[in-house]
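The values are calculated or read from the model by the stated rules, or taken from the named source; none is laboratory data. Just so it is clear, the structure is predicted and the values come from calculations on it, not from any experiment. Ideal geometry is used to build each Cβ from the backbone, glycine not excepted, and the neighbour counts take in all protein chains shown.
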Amino acid sequence: MSSNNESISLTTNIVTQTIEKNFNPADSLSVFPNKTNEMFLYLSEKRTTSVNPVNTINFFVFNKLKNEILYQNKYSNAEIEWYDNEKLLLTRYFGIIETPESTNIKKYIIDINSGVITEINKRIKSNN
């Protein structure tokens, strides 16, 4: 039987290894729990600069109860946030964005359990 400290250490090791393997230490790192605090969105973002006007996000979702990474991906010119407890809202920007209503902005729902990505109406609001 493992102790609580061993469980915490194992969780920390999985998350730390994933961060070290997939994230650039120079980029920002943020952690966002879902509403039940069972899953955590780890997000690394390389911000735009005058030299490189493209932001890049790299993220993964860790399930604390299962002690595993459920979903991981990377996108350019995008934003990611929780949509609900088991889905993410991905906003992607294509080409030159002229207004918030631009047709170059596309939104997607990512089911982190199945990995299915579904395009949705661009005017949908987050459930947060």
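Numbers below:
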{"item": "Residue match in region 60-83 (condition: among the hydroxyl-bearing types (Ser, Thr, Tyr), more than 19 Å from ILE109 (Cβ to Cβ) and assigned to a loop (DSSP other than H, G, I, E, B))", "result": "no"}
{"item": "Pair list, Cβ < 6 Å and 6+ apart or interchain, from region 88-113 residues that are at pLDDT below 80 to residues that are surrounded by 14 or more Cβ atoms within 10 Å (Cβ to Cβ) and of a type outside the set (A, V, I, L, M)", "result": "GLY95/ASN104; ILE97/ASN104"}
{"item": "Single unsatisfied condition, ARG47 versus (1) modelled with pLDDT of 75 or more; (2) under 16 Å from the mean Cα position of the chain (by Cα)", "result": "(1)"}
{"item": "Among the candidates ILE80, ILE57, ILE69, residue that is of a type in the set (A, V, I, L, M, F, W, C), at pLDDT 95 or above and under 23 Å from THR18 (Cβ atoms)", "result": "ILE80"}
